[in-house]
Amino acid sequence: MVEDINIQQLKASMRGAVLQPGESGYDEARKVYNAMIDKRPRLIARCEDVADVIYAVNFARENNLLVAIRGGGHNGGGLGICDDGLVIDLSHLNGVQVNPEKMTVRVEGGCTWGKVDHATHAFGLATPSGIISTTGVGGLTLGGGIGHLTRAYGLTIDNLLEADVVLADGSLVKASETTHEALFWAIRGGGGNFGVVTSFLFKLHPVSMDYGGPMMWELDQVKEVMQWWRDFILEAPEDLNGFFAFVQIPPVAPFPAEHYNKIVGGVVWCYTGDPEKVEQVFGPIRSMAPQPIVDLVGPIPHPALQSMFDPLYPPGHQWYWRADFVKEISDEAIDRHLEFARKLPTPQSTMHLYPVNGAAHELGKEATAWSYRDANWAQVIVGVDPDPANKEKITTWTKTYFDALHPYSAGGAYVNFMMEEGDERIRATYRDNYDRLAHIKYQYDPTNLFKVNQNIKPAVPA
Ligand SMILES: Cc1cc2nc3c(=O)[nH]c(=O)nc-3n(C[C@H](O)[C@H](O)[C@H](O)COP(=O)(O)OP(=O)(O)OC[C@H]3O[C@@H](n4cnc5c(N)ncnc54)[C@H](O)[C@@H]3O)c2cc1C
């Protein structure tokens, strides 16, 4: 039990608000993106600056409180919030500063990607992130970061230059290739296990106008399309990304009315290379035998592609997902995929296969904590629906689909696409990097203060 007098002291020391159950703003502040998650923290510390984060970390440690770190609040398993403990809410720590000369961007720990894209686009620059602009920079980066620029410029962590981290003992350190190197290695894939990142510094690239968008095919032609795409994307130029998805066509413009509500297979393309070569790159794609029924691929500003699917996936829906890394997609696996695509349980439910090859293969398995550099795809099966009454339906479909496809997978999963799978699955994901992560965890957080995450247990080095 945390004493009232101590809470008053925390309130007095912080610039930001400290919210308690029953107070105005508390219920709004405890909401996360996935409406399946309904947790009631004892306190929500809405940090306004680094000092607030330090006070909140010290308070949690001294009062033996469970701590959750909230970045963008997008985590599928709701790992940005907890029951009973203290939430370090970074949502007001959302500044972005672009340095066009150095081609870098400094981003505060609670920022969302839409703000970053907005700021960097003014200079014709971008860094790799995800495909929905409301996702948090914090969680996405610390888990790895997969998106439209993965094949061209690698994972988000491959573009991380340094990070400011408030550690479990309340000290602030800078982690980079030259200072706190072990910590820097660990936070590139090891999630929020090692401290609260108050600011990230990313490398930028000249990305401004993309040539991209979705192409979609009738389901009865998708076997052929998937076989073609699977081989094509392994050899495609690195400045071309194309992730595969099963979707139900939304009944809205710009989709053709005759195809509304059809379940289809699609590829979402993003080409960031020389605009003069668009025809050369897309010629073979467009002349591929089964013609798409929807082709919305064209010139598009990078932030527009980055936020294209935001309206389809607003916050407040029920989400349940399961993931795997994949090295090969066999014809047999494609047949199994199609079986479950035909049974898509709700209009927003989906399955994505993101390529994680190209520039993401430039680093080895041990270069960062992110171990699956030898995988070619990150697969995620997602049951989504606004209606809580459909919770069982989407969960069952996701689990059965996952069980059917898991035998074709590489073993582990992208941590940011995991929910509550537990220790064994976390170990399978970090493979040979797990022990090193556990030792670094012991060095920086020996009592496991930061455990509301895909948790790496501290271990004393032998
Ligand atoms: C609609 C949707 C689309 C997505 N698309 C993609 C995608 O395209 N690519 C991709 O790679 N992932 C994607 N994801 C997954 C996403 O990366 C994870 O859900 C991630 O955890 C979200 O980060 P967040 O900061 O928003 O989450 P939160 O729920 O706020 O936090 C999640 C975890 O991150 C940690 N954390 C967050 N910020 C910090 C910080 N500053 N310091 C320390 N720890 C921190 C916390 O420990 C917490 O456990 C998507 C998720 C959703 C819901």
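The values are calculated or read from the model by the stated rules, or taken from the named source; none is laboratory data. If you're wondering where the values come from, they're calculated on a predicted model, not measured in any experiment. Every residue, glycine among them, receives a Cβ derived from its backbone with ideal geometry; neighbour counts consider all protein chains shown.
The listed residues are 155, 140, 167, 161, and the only one of them that is more than 14 Å from the ligand (Cβ to nearest atom) and at pLDDT 95 or above turns out to be 161. From the list 327, 277, 343, 262, the one residue that fits, being out of contact with any His (no Cβ under 9 Å at 6 or more places or on another chain), closer than 30 Å to residue 430 by Cβ, modelled with pLDDT of 95 or more and not hydrophobic (A, V, I, L, M, F, W, C), is 327.
There is no residue in region 8-29 that is in contact with a strand residue (DSSP E or B) (Cβ under 9 Å, 6 or more places away or on another chain), within 14 Å of the ligand (Cβ to nearest atom) and either without any contact (Cβ under 8 Å) to a residue 24 or more places away in the chain or part of a loop (DSSP other than H, G, I, E, B) (or both).
Quick grid of which residues meet (1) of a type in the set (Val, Ile, Thr); (2) within 25 Å of residue 57 (Cα to Cα):
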{"residue": "418", "(1), (2)": "no, no"}
{"residue": "425", "(1), (2)": "no, no"}
{"residue": "432", "(1), (2)": "no, no"}
{"residue": "451", "(1), (2)": "no, yes"}
{"residue": "456", "(1), (2)": "yes, yes"}
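Among the residues making up region 325-358, those that are away from the ligand (no atom under 15 Å from the Cβ) and aliphatic (A, V, I, L, M) are 326, 329, 333, 334, 338, 341, 344. Suppose we filter region 72-87 for residues that are more than 14 Å from residue 32 (Cβ to Cβ) and either β-branched (Val, Ile, Thr) or assigned to a loop (DSSP other than H, G, I, E, B) (or both); how many remain? Looking only at that region, the number is 2.
Among all positions in region 69-85, there is at least one residue which is surrounded by fewer than 21 Cβ atoms within 10 Å (Cβ to Cβ) and away from the ligand (no atom under 13 Å from the Cβ).
Of the helices (runs of 4 or more DSSP H) entirely within region 118-219, those holding at least 2 residues that are farther than 22 Å from residue 314 by Cα and not aliphatic (A, V, I, L, M) occupy 150-153, 181-187.
Which one of 284, 299, 290, 254 is modelled with pLDDT under 95, over 13 Å from residue 217 (Cα atoms) and not in a helix (DSSP H, G or I)? The unique qualifying residue is 254. Annotation: residue 174 fulfils all but one of (1) within 12 Å of the ligand (Cβ to nearest atom); (2) free of Cβ contacts under 8 Å to residues at least 40 places away in the same chain; the unmet one is (1). In the set 392, 366, only one residue is out of contact with any helix residue (DSSP H, G or I) (no Cβ under 6 Å at 6 or more places or on another chain), of a type in the set (D, E, K, R) and part of a helix (DSSP H, G or I); that residue is 392. Within region 118-137, being near the ligand (Cβ under 6 Å from one of its atoms) and either over 21 Å from residue 49 (Cα atoms) or among the small types (Gly, Ala, Ser) (or both) holds for 130, 131, 132, 136. Among the residues of region 93-117, those identified as outside any loop (DSSP other than H, G, I, E, B) and within 13 Å of the ligand (Cβ to nearest atom) are 107, 108, 112, 113, 114, 115, 116, 117.
Filtered by the rule that a residue be within 16 Å of the chain's Cα centre (by Cα) and of a type in the set (S, T, N, Q), region 372-385 gives a lone residue, 379. Would you say residue 426 is outside the structural domain of residue 309 (by TED's automatic domain parsing), surrounded by 17 or more Cβ atoms within 10 Å (Cβ to Cβ) and within 20 Å of the chain's Cα centre (by Cα)? Taking the combined requirement at face value, the residue satisfies it.
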